[in-house]
1. Go through region 353-368 and give me each residue that's at pLDDT 90 or above, more than 19 Å from N184 (Cα to Cα) and of a type in the set (A, V, I, L, M, F, W, C).
2. List pairs: first residue in region 205-227 and assigned to a loop (DSSP other than H, G, I, E, B), second residue among the acidic types (D, E) and modelled with pLDDT of 85 or more anywhere in the structure, Cβ distance under 6 angstrom, at least six positions apart or on different chains.
3. Return the pairs, sorted by first residue and then second, in which the second residue is of a type in the set (K, R) and buried (at least 16 other Cβ atoms within 10 Å of the Cβ), the first residue lies in region 120-143 and is more than 17 Å from Y156 (Cα to Cα), the beta carbons are less than 9 Å apart, and the residues are 6+ apart or on different chains.
4. For region 120-132, which positions are surrounded by 15 or more Cβ atoms within 10 Å (Cβ to Cβ) and part of a strand (DSSP E or B)?
5. On the given criteria, is S99 of a type outside the set (A, V, I, L, M), farther than 24 Å from F171 by Cβ, buried (at least 18 other Cβ atoms within 10 Å of the Cβ) and in contact (Cβ under 8 Å) with a residue 24 or more places away in the chain?
6. Select the strands (runs of 3 or more DSSP E) contained entirely in region 1-81, then report the ones holding at least 2 residues which are modelled with pLDDT of 50 or more and aliphatic (A, V, I, L, M).
7. Return only the number of the condition from (1) surrounded by fewer than 16 Cβ atoms within 10 Å (Cβ to Cβ); (2) modelled with pLDDT of 90 or more that D313 does not satisfy.
8. Being out of contact with any strand residue (DSSP E or B) (no Cβ under 8 Å at 6 or more places or on another chain) and without any contact (Cβ under 8 Å) to a residue 60 or more places away in the chain is the requirement here; does T115 meet it?
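The values are calculated or read from the model by the stated rules, or taken from the named source; none is laboratory data. Predicted model only: the values in this text are computed from it and were never measured. In this analysis, Cβ positions are derived from the backbone assuming ideal geometry, glycine residues included, and neighbour counts consider all displayed protein chains.
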Amino acid sequence: MNRTFLILAASLICFTSHHLLSQTNLLDNPGFETWSAGAPEHWERESGCAAAQETAIVYNGGSSVRLEKTGTSNRGLYQDVPVGPGIPVSFHARILNSSANATVRLTLAWYSGGTYLYQYSQSAASAGQDVWQRLEINEVTVPETADMARCRIRVYGEVDLPCYADDAHVFSESSLAVELSDFNAVVADGGIRIRWRTESETGTAGFHIFMSGHRNGPFEQANTALIPGQGNRSFGTVYEYFVPHCGSDTVRIQLREVTIMGEWRILETVSVFPEPDITVPGRTGLVLNFPNPFNPETVILYAVCEADAGIIDIDVLNSLGQRVVSLMHRHRNPGSYRVTWNGKDHDRRSVPAGIYYCRIRSAEGVMDVRRMVKVQ
């Protein structure tokens, strides 16, 4: 089976260098400073967990949380944060465990579309210690199918004295060696045409394309040889790769980066849907998006008529009319096309469930708007 790739363009705009690890805290109210109705805001209490605001025993700021529990079950607080597959995530917190019979642990539980996958836990803070201890879960790679991490601070065993938590942090590697600005795949010419754009590359040896006919994998490598990267480059490069494919089922396409050190990371995953039986209208506009409602992604079909051939913009807007992400800004000849929205904003963070609008514009202005619904 012959497969070809083409590096199309480079030398656009210079970009500044990027830190490999983002220290931006993904948790809301990490220091338990704000409270409402007797509970720390943005944190959920598990049944049987008693949480109280503590102002006398704190590690940082004006308050901490005092944790106690009833019964023999393990209980605590948790907060859900969106995550990207294949990206390292770290979870840190300060714990003061005065109880000699209880232990306190940090845990990360992975979820996909609201479905529990499995849990990664950290060893407990030492018991009977009247000093603040730092618990750490460091750089645990998010599973390929996960889109959410449940970050728990849990008490195990019988509590004879209170346990305290403060200064919690969750952060992820948000800027990889490759800064990816676009990745899409479309059915075309008896196969799947895959296109991606990097804005910068640091120590990038190349890329692999993986494919799967199932939502949860397994993925198989589609390219026989490494698709060469640019090594170190601070300006844009566009790649294309064509995979002959005649199937009629949905296919998931995954882009992986390989560094010059031989390490690899998943950059992005998109789905390619079979062509639906539709009639393309004789005007520029949005035909449909499917599925709708959707989670986590939807495919948007659109048409460009001869009079509007040229630069086409497709944006996703929120209910306030604010732009969430730009899906496309490129030249289009007359014809029918598709673009996939992965349910993320311009910072590659998963957007919450709700109503969104897709807008297509040509040089003549707004041509069409379509309502889309993202569900939990």
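1. Hits for region 353-368 are A353, I355.
2. none
3. W132/R94; R134/R94; T141/R265
4. Answer for region 120-132, where residues must be surrounded by 15 or more Cβ atoms within 10 Å (Cβ to Cβ) and part of a strand (DSSP E or B): Y120, A125.
5. So S99 fits the description; yes.
6. 49-54, 64-69
7. Single failed check for D313: (1).
8. yes
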